[in-house]
Amino acid sequence: MSAAPATPPPASADGAGEQDRLGLLLVPPRHRPAWRLIPARVAAMCVVELQKLRHDRTELYTRAIQPALWLIIFGETFTRINVIPTGGIPYRDYLAPGIIAQSTMFIAIFYGIQIIWERDSGVLTKLLVTPTPRAALVTGKAFAAGVKAIVQAVVVVVIAALLGVSMSWNPLHLAGVIAAVLLGSAFFSCLSVTIAGIVRTRDRLMGIGQAITMPLFFASNALYPTTSMPDWLRVISAINPLSYEVDALRGLLLGVPSHLTLDFAVLVGAAALGITAASALLGRLAR
Amino acid sequence: MSDDGLPEEAAVTCTGLRYSFGRATAVDGLDLTVGAGEVFGLLGPNGAGKTTAIRCMTTLLPVPSGMVRVFGHDVAKDRMRVRRLLGYVPQQLSADSSLTGRENVSLFARVFDVPRRERAGRVAQALEAVGLAEAADRMAGTYSGGMVRRLELAQALVSAPRLLILDEPTIGLDPIARTGVWEHIMAVRAASGMTVLVTTHYMDEADQYCDRVALMHLGRVRAVGTPRRLTDDLRARLGADASPTLEDVFRDVAGSGLDGADHKGGEFRDVRRTRNTASRVG
Ligand SMILES: Nc1ncnc2c1ncn2[C@@H]1O[C@H](COP(=O)(O)OP(=O)(O)OP(=O)(O)O)[C@@H](O)[C@H]1O
Ligand SMILES: [Mg+2]
């Protein structure tokens, strides 16, 4: 119904030209019901992310370099040395899901920097003056970071396949992979937005981002199974959402034993927690 | 509108609005009424508190003390409803430089819930209304300052706001670009009857385009009325042979050390922020 004004509102004779030209701009759009607000905002933010990726693909290529190096150099070397207990599969295969999780986590963690840039450039400010609740904006941004991460995951999967990693191409498994990557990056991007809300400047966030990404990576099962870790590290790994993402990806892509229900429960919980914390702190960014 | 300019229904009312950043009070008991359909100019020196007041009206900052209403809705309580009525162009240039003009406007159509069938048409009309139809598919990063401002205007107009708030829309623009921005604002306003609240440092613009202006200094409105009336009042004080302009009124208000405080506008911080705004594109 809100689309009805195909016929412009009645106009005075002299204003008729203007009315015709601006017809749609004279009628405010109808409100969406509240329950459709979040999905609509998520879609809007994801569309923007895809448009940006379409305009500038260099990031896509440069971001493929690191995971490729990990898989080629680290992966091949340790496949040969054969010291890491992988449960019978080549280390190269074992590593691939870990690198998918790691490289998408990196993208998500630095997404907070993009948010600060958007704050500094006024883009975020303007979005905060639209009928978009904070939580919807954060959820939208979290999934937009997920879109970037999924593109990255596809790139790493292709590299892994070229290197001869045997993965499951079952569509159901791949859908699971997408879900795990999406949830993982939703958590890590919200973590970085939360930190951004606390430290509020790009430089500080850069520093903290750099300080936490490597520990998160090493204190997880991305490179080696938790069974080969000292106890204290195993505790950290057990509260690190990255470990659950890696576990899920291994189960889905390689078909090795994993704990999919627990993994997804933790990832959903972490994403929800991240979105809550980030929405609470987003307002501080605008100030 | 009556002759002294007081309108029937208010688009914005601020009563006793106060806002402080730490110990620095930016807005200090602001009382302001903007009538529906007016073009209202909020003037005042650097650091007077114009942007802070606007950020309270647009729900960007909380309202710690006092009351702000937009078309009768309490800004502190009814945020979502207030935001649906607003189009906002912030002081800094704020288009996303890594999207095209059309994509920039389209984003705002989406977040204002413009239904899909209407979206392309509405976006095209908004771009058309600001004279950017030709450049719509270029990246906003390649736009000139004047074009970015018009793009932001299109972003604000795509949701058919009842109140358009523009914070220094012509800052850093050349005289032709300035006129361009204003003509597009006035054309849409003539067709839609929306209220326009604008801040500017260009007194000639305020004089030419604003129905009423308020002069802010040190966080408070010190004079308000039609430009004509303010200059008349000053003339009455100076003597009949003086012919003061709005700029003289500005100097009169801003130059006076009100409340015993020195003129504190034009602090380094304020000037630097203004210059950043002027130089940044996209
Ligand atoms: N984020 C902030 N943190 C601390 N102080 C601030 C902040 N924003 C503004 N201020 C201070 O509040 C006062 C009012 O600033 P405001 O930006 O509202 O002025 P303005 O009238 O918009 O000035 P201008 O014409 O330069 O844009 C100034 O003294 C400014 O230094
Ligand atoms: Mg200002």
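The tail of the calculated P(r) for the protein assembly as shown beyond 45 Å holds 26 percent of all Cα-Cα pairs.
Restricting everything to alpha-carbon atoms, can you work out Rg to Rh for region B:64-144 with a Kirkwood hydrodynamic radius?
1.07
Taking a straight line from the alpha carbon of residue A:52, these lysines sit under 27 Å away, with near neighbours fewer than eight places off in the same chain left out: A:126, A:141, A:148. The relative contact order of region A:143-287, computed from alpha carbon pairs under 8 Å that lie at least 6 residues apart in sequence, is 34 percent.
Counting only alpha carbon atoms, the long axis of helix A:260-286 and the longest principal axis of chain A meet at about 50°.
Averaging over every viewing direction, what projected area does the convex hull of the Cα atoms of region A:84-212 cover, in nm²? If you can, show how the numbers build up before the last one.
Details: hull surface 38.3 nm².
Averaged projected area of region A:84-212's Cα convex hull equals 9.6 nm².
Taking a point 7 Å out from the Cα of residue B:144 in the direction of its Cβ, none of the residues of region B:198-213 has a backbone N less than 11 Å from it. The candidates B:192, A:103, arranged from most to least accessible area with a 1.4 Å probe in the full protein assembly, appear as B:192, A:103.
With contacts taken as Cα pairs under 8 Å and at least 6 residues apart, chain B reaches a relative contact order of 25 percent.
Relative contact order for region B:37-138 using alpha-carbon pairs under 8 Å, separation at least 6, rounded to a whole percent? Before the final figure, lay out the partial values.
Values: 64 pairs, mean separation 17.0, N = 102.
Relative contact order here is 17 percent.
Volume of the convex hull of chain A (Cα atoms only), normalised per residue: 163 Å³.
Please return the longest stretch of chain B lacking exposed loop sites, where trypsin sites (Lys or Arg not before Pro) count only if DSSP places them in a loop and at most 14 other Cβ atoms lie within 10 Å. If you can, show how the numbers build up before the last one.
Working: sites that count: B:23, B:77, B:138.
With a cap of 14 other Cβ atoms within 10 Å, the longest stretch comes to B:139-282.
Backbone amide hydrogens, once placed in the peptide plane, bring residue B:217 within less than 5 Å of B:222, excluding anything fewer than 5 places away on its chain. Please find, in a Gaussian network model of chain B (springs between Cα atoms separated by less than 10 Å), the residue of B:156, B:191, B:126 whose mean-square fluctuation is greatest. Looking only at B:156, B:191, B:126, the largest GNM fluctuation is found for B:191. For the Cα atoms of chain B, what angle does the longest principal axis make with the long axis of helix B:268-279, in degrees from 0 to 90, nearest 10? Taking the Cα atoms of chain B, the angle to B:268-279 is about 30 degrees.
Using +1 on the beta carbon of Lys and Arg, -1 on that of Asp and Glu, and nothing else charged, what's the dipole of the protein assembly as shown about the Cα centre, debye to 20?
Details: 59 positive and 50 negative charges, 292 e Å.
With only Lys, Arg, Asp and Glu charged at Cβ, the dipole is about 1400 debye.
Derived value for chain B: Kirkwood hydrodynamic radius 19.4 Å. Basis is the mean of 1/r over every pair of different alpha-carbon atoms.
Looking at the protein assembly as shown only, what percent of DSSP beta bridges run antiparallel? Nearest 5 please. Intermediate values should be presented prior to the final figure.
On the way: 22 of 39 bridges.
Antiparallel bridges make up about 55 percent of those DSSP assigns within the protein assembly as shown.
Expressed as a whole percentage, what fraction of the accessible surface of the protein assembly as shown belongs to carbon and sulfur atoms when a 1.4 Å probe is rolled over the protein heavy atoms? Kindly include the intermediate steps, with their values, before the conclusion.
Numbers: 13950 of 23750 Å².
Carbon and sulfur atoms account for 59 percent of the accessible area of the protein assembly as shown.
Which of A:129, A:177, A:219 sits farthest toward the positive end of the charge dipole of chain A, with +1 on the Cβ of Lys and Arg and -1 on the Cβ of Asp and Glu? Highest projection toward the positive end goes to A:129. Each 10 Å bin from zero holds the following percent of Cα-Cα pairs in region A:143-287: 11, 36, 36, 14, 2, 0.
Computed from backbone phi with θ = phi - 60° and the Karplus coefficients 6.51, -1.76 and 1.60, the 3J(HN,Hα) list for region B:25-30 is 8, 8, 10, 10, x, 7 Hz; x is used for glycine and proline. Considering all C-alpha pairs of region A:127-199, those separated by over 17 Å amount to 54%. Given a 1.4 Å probe and the protein chains as shown, residue A:89 ends up with an accessible area of around 40 Å².
Work out the length of the dipole vector of chain A about its Cα centre, built from +1 on the beta-carbon of each Lys and Arg and -1 on the beta-carbon of each Asp and Glu, and round it to the nearest 20 debye.
On the way: 23 positive and 15 negative charges, 100 e Å.
The calculated dipole for chain A is roughly 480 debye.
A Förster distance of 35 Å, applied to the separation of the beta-carbon atoms of residue A:73 and residue A:284, puts the FRET efficiency at 0.25.
The values are calculated or read from the model by the stated rules, or taken from the named source; none is laboratory data. What you see is a predicted model, and the numbers here were worked out from it, not measured in a lab. Cβ sites come from the backbone with ideal geometry, for glycine too, and all protein chains shown count toward neighbours. Ligands, DNA and RNA are excluded from the accessible area calculation, which covers all protein heavy atoms including side chains. Shrake-Rupley method; radii C 1.70, N 1.55, O 1.52, S 1.80 Å.
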